[in-house]
Structures are given as structure tokens and as C-alpha cells.
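The values are calculated or read from the model by the stated rules, or taken from the named source; none is laboratory data. For clarity, every value in this text was computed on a predicted model and none was experimentally measured. When we count neighbours, we look across all protein chains shown, and the Cβ atoms used for this are built from the backbone with ideal geometry, even at glycine. In case anyone asks, the SASA skips ligands and DNA or RNA and just uses the protein heavy atoms, side chains included. Shrake-Rupley method; radii C 1.70, N 1.55, O 1.52, S 1.80 Å.
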Amino acid sequence: MTFSFAITVIFWLYVIFWIQVPGMLLVEFLLPRRLKAYTRLLSGFFLGFICLATIYFIESIIGVNGLIAIAGPVLSVIAFIRYFKKGRPSVYNAYEHFKWLGIIIFGFIFIVSTINFQFKYVGALSGQTTQVYHDFLFHTGNIVSLSRSFPNGDIRISGLTFYYHYFYELIFAMCKHIFGMDAFRLYMNGNALICAWPLTLAMMIVGERLRGDRSIRGVRYYSYYAGMLVSCICLLPVNVVGAKLPTSWLNNHLFGNGNAMGLALSITVLLVDVLVDVWYDKFSVRVMIAIYLLAATATGFKGTTGIVLVTISWSVFIIESVLVKKIHMPRFFYVFCASLGFVLTYMIVTVGLNPSGSNNRAMEVTPAGTLDASRVGQVFSKLGLDYMAFPWVIIAVLLCIVCIVGPCILAFTAFAYSKFRTLIKEKVIGDIFDWFVIGSVIIGVAAFCSVSVPGLSQGYFVITNAAFIFYGAMKYLIENKKTLISYVTYLFFGIGTAFLIIDIAYFCYDDIKQEAVYESEAGDRQDLVSADTMEAYLWLRDNTPEDAMVAVDRFTEDLDYRSIYFYCSAFSERQVYLEGYDYSDITEKQVEAMLSINEKFYSEDTAVAEAAMEMSGVDYLVVTELNHPDYWENSPKLKLVFTNDDVSIYRYYSDGGMSAVNK
């Protein structure tokens, strides 16, 4: 059973006293007090995280263990001392007040996230078979690697520096580093909080922007703040070939956070909200530092988010400067610092200085990937049309935009049109937040249609902007009541509510169906892992040195063309010489060379096997009946240390290559 009340409580305490409270101390120093409570709370979460990550980075560099363990409590004590010295001021400003709706939204997202994610894997370690979605195993392995040092190598490929937007995993990794708990259970028990807290605050920020000074009640009140969840943005069956349920691609990501999209969406809203609030202020070095840190954090959570935020920031700054015929230097420095945070994080954390461009996440500038993986491309192909040929490519791209944005495209387009018309005719810029929203959505949608990434990951450009799409559509509906567009949009909001209920029911059904998988036999299926195999991986975790190197003979789940088997690295919590490699920045030639060496570990020629293991630094050899049923250990340096029906594990005793020299 993966549920643990103790781990849940520890993780909540960690988020409060190592991230949120220290973050609020930074907010007090760096950002204006007049910012709304939800903006300051969300800033506190992300600034607290990046502060702790920076301390962890210093700890890893200088090799002094325990810095982040004491940093959280020390900073929290300082924060509480300052709070009481100031007379315990309310987190709300004079014109603000507590809203129970925030608690309701948080509770709803937390519960649905628990159903969608945690409950699905509650029996993953206690049945005859284990099956975990590969992305979640990938994140678990990253948590293990980052819990040892930050930054660190790729736990699935020996000797490879790990580049990825891994700040999501770093949240859990720092907790594991401090408290030393099991990575998978920590991930399972902590994810709902990370899904619910930042996203709730972001939705409240958007709701406050929509409400303004209006006094609202009833359905409209809820729709301002929570309407994004029923907005029909990114309907999965409309967009991806073969997709049935869940209905919402957006909500599936927000409630599972499997690719950190809830966090990416939240920090997108936050950074734009902060930029807009200080856009016309006098220059402040403190604010500049805050913007730099938030932009760096956004990029570390999702590279696509950093790209969109920097692009729209420069676009708004340049266009506004041209219109007013004046360069406002404080805004220039704010945008420059946002860019600096993006560039440094993108080069140091996300892609590195010399990316190979050959991994599974490599981008290619072409609409082919979007059209090929979408319903639009499927329909065009069935009609015998070449969707990459002119003029069909233009029609296909426009249809993809309609499908990915959903019914909100009507109201959003009308909203954007009205803003442009006012700007051109009356030379009035209006609310600068609206222009950030319009520009960000345009950039995100354009990137979705012009960039291809394996797995349709270019969809993240749109999901990142989902709150802005909803904001723009809702802003039009508020200002243009009783129009055909408003009636149609509200109709789809009603349909979206039904879709949300269907998705929650589907999550429950999927949980029950998944539990049945755990009670079935794994057999020869590569996408299922037997209880005996899991026992072997957990034995490695509990009985081998933390720095041990493991060699395995399973690389794929046979679900598609990719090598995405991550079970050993995730559950053994040990460095693997080579496991699933399609998510890693490694060239095809490197993979071929390592696969060749890996096969030599299992060679019948003792000299060949020993030389390969000696050269690669392998300490433990995992042999499965599934892939090497006739394996026979014939080296005196290999000692059987674990065996069951499915797996045998051998300890390799190195002599530093002296036996080869003596020969």
C-alpha cells in the first residue's frame, strides 16, 4: 500500500515551514505590500521554493550536509518573529477579505487529484503485478537523483548530466533529502498538495482580476474563480487520435500534475500579475530581483513556460514603447531580468550548454507533428488530402487552433478584436494585463501549431495559457451580456461542467480497473512488472550502498517505439548503467554503444563480461527470466546475492582490472 499518513503529514509540514513561510519572508522584502493577498501567497510559495533550492545548490557544491534541513526552521522562526513584532498584520489588505471559495476550490482540486493520481496507485506495491505510468516513474527516478545533490546526473544513464525542467521533482527531492523517505511513496502522498495549493491561488488571482470592484453572487461568483475547470479548453478526444476518456486534456494535467502543468500555469499567472502590478511603478532593485527569481523558477518548472513569458514580456514592452514613443527604463530592466532568469535556467538546468537535440523532447519547427497526432490530420488523411500541402496546411492549422482552444475561442477572439480596435481607433492601451493575456495566448497557440515535439508536448504551450484563455473569454462575456457569443459560451460552460463530472467518475472507474491489474499475473508482458521483480528492485534499495551501480536487461514497455522502462531506477533508487533512455539527452550513437556494452554484461564469455563490467563500474547485475532465461553465471567475480522465480541479482566484485592485466 502506497498511502502513508506519516509521510503526508511530514510533507505538509515541509511545504509550510521550509517553503511557504520562508517564502512569505522574502515576499515582505522583495515585493510591494499592496499586492493582493493571493498574489503574495503564491509568490511566497515559489520564492520559498527557489530560496530553498538555492541553499540546496550551495550545500551540494560545498559538500556541507544539512544546510537545507536547518534553513527552513531558521527562516520560519525569523518570519514569525517579524510577524509578531509588526503586531500580527493580516495577510489581506484593507480592501480584501477572506473568501471561503478559496477553501472550496482547494479542497475540490485536492480531492480530485487524490482520486486521479494517488488512489490509482494505492495498491501498486501490494499485489501480484505493478503497473505505473512511465512519466510518473520518470519523475520518481528524478526525485531520487536530485535528493542526493542538485544538480545531479541522469539516474537512468550512467555518466550523463541530467538536463530537464525538473523543479517539480526538486520539490519532493529536497524533502527526501531532509527526511530520507521512500521516493515513490513521497511522490504519491505529496502530489495532491502540490496540485491544489498553487493552482487554487492562481485561479483566485484570475478571479480577482475578473471581478474587479464588482459585487457578484451566485453562479457568476463561482464562474469568475473556478470557471477555467469547465471551460472546455483542450478537450482530449477532439485533439488527439485514439483518445477517449478523460474528456479534458487540461484537467487531466491539472489534477495529476504529471508534467508539472498545474505549476507552470500557476507561475505564468503569477509572473504576469506581478509584472503588471509594478509596470508603472518607480524602479525597485528588490522587485527586479523578485522578477528574476520568478522567471528562473518558471523556466525550471517548464521550459515552454519560460519561453512564452519572456517573449510576451518583450513584445508588450517594445510595442508599448513604440506607441508612447518613449522607453521606460524600469520596465526595460524588469523584462531584462526576466529574460536573464530564463536564459540562465534554460542553459544550466533545462537543456544545458551543448544539447544534442536528439532526445525524445527535441523540438522541430514544423506543424507536421501537431497535424499528424491530431484529429484534424486524421480527418484530412481519410479524405485523401495532404494536410502539409498548400492551401490545406493553412486550413488544417486553423482547425487545430479551434480544437485546442475550444469554444472559448469565440469569446476570446471577440475580446482580442475589441482591444485591438480600441487601440487602433482611439490610441488607448487600456489595462496592460489584457495585453499580456492576448499576447501570451497568441504566442502559445502559434507555438502549438508551428513546433513539433514527440508526444504532442507542444500542447503545453496552450495548457500554460489556459487561465489566460479563460480570462479573455470571460472578460468579453462580462462586458457583452446577452449576445449570441455569450449564450454559446455559457452553453459550453454547462457542457464543460458535465464533462468535469464525467471525468471524475472516469477517474474513480479507472482506479478500480487499475486495482484489478495489480491482482493479475504479469506473465510475459513488458508493460507489467511482477511482484517478484518488484521484490528484487526493493531488495536493491534496502541492501546495497547508495552509490552502487546496477545493470539491467529491460529497456522498454513495448507500448510504442520508445525505450521508456524506468522501474529499476525508480524503485531500487540506484544508479543504472542504462535503462529507459528516450527521455534523456543522449545521441543515437551513444545509445548504441551503451546497449552493446550492456549486452556484454550478460555474455557467456567470462573475459568479455568481466571487462565490460570493470570498465563500466557495475556493482550489481540484474538478470530477468523474461529476457535472459538461460543465463549462466560463469565468472568467479560474480556472486549470487538474491534470487526468486523471476529475477536473480549478482554482486560483481571488482579487482580493479588486475585479473585482465595478469592474463
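Just the accessible area per residue of segment 529-652, please: how many Å² with a 1.4 Å probe?
Ligands and nucleic acids excluded, the result is 41 Å² per residue.
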- Placed amide H near residue 248: partners under 5 Å, 5+ positions off or other chain: 236
- So the carbon and sulfur contribution to the accessible area of the chain, 1.4 Å probe, in percent, is 64 percent
- How big is the Cα convex hull of segment 529-652 in projection, averaged over all directions, in nm²? 7.4 nm²
- Note on the structure: Tilt, helix 606-616 to longest principal axis of the chain (alpha-carbon atoms), in degrees rounded to tens, equals 30 degrees
- Message: So for the chain, averaging the separation of alpha carbon pairs under 8 Å that are six or more residues apart and normalising by length, what relative contact order in percent results?
- Response: 17 percent
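State which entries of 120/637; 176/589; 427/482; 325/475; 302/425 exceed 32 angstrom in Cα-Cα distance in the structure shown.
On the way: 120/637 42 Å; 176/589 35 Å; 427/482 28 Å; 325/475 29 Å; 302/425 38 Å.
From 120/637; 176/589; 427/482; 325/475; 302/425, over 32 Å: 120/637; 176/589; 302/425.
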- HN-Hα J in Hz across segment 174-179 - Karplus 6.51, -1.76, 1.60, θ = phi - 60°, x for Gly and Pro: 5, 5, 5, 4, 6, 9
- Task: Could you pull out every one of the lysines with an alpha carbon less than 20 Å from that of residue 382, ignoring same-chain neighbours closer than 8 positions?
- Result: 244
- Message: Under a Cβ-only charge scheme (Lys and Arg +1, Asp and Glu -1), can you give me the dipole magnitude of the chain about the Cα centre, in debye to the nearest 20?
- Response: 4400 debye
- Task: Would you mind putting 488-498, 291-301 in packing order, based on average other-beta-carbon counts within 10 Å, highest first?
- Result: 291-301, 488-498
- Message: Given the DSSP H assignment, sum -39500 (n - 2.57) over each helix run of at least 4 residues in the chain and divide by its residue total; what's the result at 222 nm in deg cm²/dmol, nearest 500?
- Response: -19500 deg cm²/dmol
- Between the alpha carbon centres of segment 75-108 and segment 461-511 the gap in Å comes to 30 Å
- What residues have an amide H closer than 5 Å to that of residue 549, excluding those fewer than 5 places away on the same chain, when H is modeled at 1.01 Å from N in the peptide plane? 619, 620
- Item | Taking N as its residue count, the alpha carbon Rg of segment 5-498 over 2.2 N^0.38 Å | 0.96
